[in-house]
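Some notes on the structure that comes next.
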2 protein chains.
Amino acid sequence: MGLYSGMHGLTAYVGFFEMSKPKKGEYVFVSSACGAIGQIVGQLAKIKGCYVVGSAGSDDKVNLLKTKFGFDDAFNYKKETDLEAALKRCFPEGIDIDFENVGGAMLDAVLPNMRLGGRITMCGMISQYHLERPEGVRNLMYIITKRLRMEGFVIFDSIAVYRQFEEEMAGYLREGKVTYLEDIVQGLDAAPAALIGIYNGLNVGKQLVSIA
Amino acid sequence: MGLYSGMHGLTAYVGFFEMSKPKKGEYVFVSSACGAIGQIVGQLAKIKGCYVVGSAGSDDKVNLLKTKFGFDDAFNYKKETDLEAALKRCFPEGIDIDFENVGGAMLDAVLPNMRLGGRITMCGMISQYHLERPEGVRNLMYIITKRLRMEGFVIFDSIAVYRQFEEEMAGYLREGKVTYLEDIVQGLDAAPAALIGIYNGLNVGKQLVSIA
């Protein structure tokens with residue numbers, strides 16, 4: 001696992017274990033779950049003994065989540081007309097941990113589905129980066145009524161954890177408990193389309209450009 | 001201090017000391033600061049050695065905050081055309097702790113003004129309770145970039161702290177370090193108008209109805 005992928009693994013590791021404070025048996029939701037970070041978060045959640053559901057933007061990715069990455073369930077958010085209802089269907093008992101990579105409408109759908117004392121770990125908001133004016137999130141009242149904690153982090157604050165992460169993750173990789181996929185295109189000419197593809201959800205895992 | 005006021009004092013005490021984790025010298029913003037809880041939070045912030053600014057809906061209340069309750073500064077949000085700029089003016093260094101009683105547009109203005117590692121303690125969202133559809137909060141990206149923690153609480157979870165709170169607060173009251181105002185109307189006939197007044201910001205402190 002190269003340094004670049006390593007940074008995404010570290011992000012998943014810190015965001016899940018340190019920020020989200022998971023307990024065995026808890027219900028975990030990962031948005032953009034087929035992305036470089038989401039793939040790993042779901043597998044760490046399984047190692048911890050959690051129930052984990054992911055969302056992704058194609059049936060192929062949903063299939064990957066359930067087969068290759070061992071998610072308990074997954075759904076294609078592009079096929080759902082009501083994200084709040086989709087989460088309710090996947091989590092009849094509610095969500096303890098939301099690992100948030102998407103923001104906007106997805107986050108708004110998560111809030112009413114959270115359980116008392118739940119944690120929302122804010123890792124990214126991919127749905128918002130290309131918007132001139134971000135979408136408004138209307139369901140923040142649930143932060144009070146459900147006693148939620150929503151917390152953001154930036155991985156560069158946690159570089160000190162790298163050695164510990166590396167040792168632990170190397171073990172998981174050796175034991176086959178964690179796997180990952182990268183999306184590699186060939187040549188700089190392919191880079192612009194690959195970049196646009198990220199925002200359209202075409203990549204599976206970290207989008208890399210091979211230039212040699 | 002009666003039990004009812006005591007519950008508001010306890011809310012301020014738990015919300016400020018336990019949830020917001022204040023450090024001496026930190027910058028604290030309290031919205032709806034002339035309310036039953038806000039009054040106390042501001043005074044606790046001064047006891048802790050913080051710099052505290054409050055918002056309220058009339059010049060009389062702004063004056064009360066600065067004279068009676070010892071806030072370092074205060075502003076009348078109804079007179080500000082740009083809440084984000086008002087906060088920037090009051091907090092050129094940014095906000096470490098936002099004690100949030102208002103939500104909506106006020107919360108949206110707070111987010112870009114938060115400092116790295118700031119805490120947003122979600123106590124109430126008075127601006128939203130009467131809306132059929134809550135306002136959208138657009139600036140949540142700052143939760144990631146500024147590594148913020150936004151956390152909600154409901155005071156009934158913290159009743160066990162009551163004895164400790166009562167002893168500590170009784171000391172502050174005896175020493176004149178904490179004072180409070182209640183808004184008392186006479187007779188049940190006056191109750192409906194008083195209730196409407198709360199949402200129009202007419203009350204100063206806890207609105208009580210005296211029926212005997």
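Each other copy places its own label point for B:I211 at 7.6 nm from this one, sorted shortest first, where the point lies 7 Å along the Cα-to-beta carbon line.
Compare B:K206, A:K61, A:K23 by solvent-accessible area with a 1.4 Å probe and give them largest first, with all protein chains kept in place. Show your work: numbers first, answer last.
Values: B:K206 45, A:K61 20, A:K23 115 Å².
Output order, biggest surface exposure first: A:K23, B:K206, A:K61.
In nanometers and ordered shortest first, the copy-to-copy spacing of the B:G57 label point, defined 7 Å from Cα toward Cβ, is 4.3. Applied to segment A:89-105, the Karplus parametrisation 6.51 cos²θ - 1.76 cosθ + 1.60 on θ = phi - 60° returns per-residue 3J(HN,Hα) values of 5, 6, 10, x, 8, x, 10, 8, 10, 10, 9, 8, 10, 10, x, x, 4 Hz, with x for Gly and Pro.
The largest accessible area among A:K21, B:K66 belongs to the first residue in A:K21, B:K66, and the rest follow in falling order (1.4 Å probe, all chains). Computed with every protein chain present, the accessible area of B:H130 is close to 120 Å² [probe 1.4 Å].
With respect to the axis relating copies B and A by rotation, the chain B residue whose beta carbon is closest, plus that distance in Å, is B:G136, 1.
On the beta carbon distance between A:I184 and A:D59, with R0 = 30 Å, the FRET formula returns roughly 0.85. A:S127 exposes around 30 Å² of accessible area when a 1.4 Å probe is run over every protein chain in place. Think of segment A:51-126 as a dipole: +1 on every Lys or Arg Cβ, -1 on every Asp or Glu Cβ, centred on the Cα centre; then among A:N101, A:I120, A:N63, A:N63 lies furthest on the positive end. For segment B:122-137, the Karplus equation 6.51 cos²θ - 1.76 cosθ + 1.60, evaluated at θ = phi - 60°, returns couplings of 8, 9, x, 9, 4, 6, 9, 4, 8, 8, 5, 10, x, 5, x, 9 Hz by residue, with Gly and Pro reported as x. Accessible surface for A:V204 stands near 30 Å², nearest 10, in the context of the full protein assembly shown (1.4 Å probe).
So for segment A:112-212, taking the charge dipole from beta-carbon charges (+1 Lys/Arg, -1 Asp/Glu), which of A:P134, A:L188, A:V209 sits furthest toward the positive end? It is A:P134. Across the copies of the chain, A:L131 has label points (7 Å from Cα along Cα→Cβ) spaced 1.4 nm apart, shortest distance listed first.
Relative contact order for segment A:3-157: 21 percent, from Cα pairs under 8 Å spaced at least 6 residues apart, divided by residue count.
Note down the magnitude of the dipole of the protein assembly as shown about its Cα centre, charges +1 on Lys and Arg C-beta and -1 on Asp and Glu C-beta and zero elsewhere, to the nearest 20 debye. Mind dumping the intermediate values first?
Working: 46 positive and 50 negative charges, 117 e Å.
Charge dipole of the protein assembly as shown: 560 debye, to the nearest 20.
If the only charges are +1 at each Lys and Arg Cβ and -1 at each Asp and Glu Cβ, what is the size of the charge dipole of segment B:3-157 around the Cα centre, to the nearest 20 debye?
On the way: 19 positive and 18 negative charges, 80 e Å.
Charge dipole, segment B:3-157, about its Cα centre: 380 debye, nearest 20.
Heavy atoms only, 1.4 Å probe, whole protein assembly: order B:S32, A:S20 by accessible area, highest first. Display every interim value, and only then the final one.
Values: B:S32 45, A:S20 0 Å².
The most accessible residue leads, giving B:S32, A:S20.
Entry note, chain B: the mean residue ellipticity at 222 nm calculated from DSSP H runs of n ≥ 4, each adding -39500 (n - 2.57), is -10000 deg cm²/dmol after division by the residues and rounding to the nearest 500.
The values are calculated or read from the model by the stated rules, or taken from the named source; none is laboratory data. This is a predicted model, so every value here is computed, not measured. Ideal geometry is used to build each Cβ from the backbone, glycine not excepted, and the neighbour counts take in all protein chains shown. Only protein heavy atoms, including side chains, enter the accessible area calculation; ligands, DNA and RNA are left aside. Shrake-Rupley method; radii C 1.70, N 1.55, O 1.52, S 1.80 Å.
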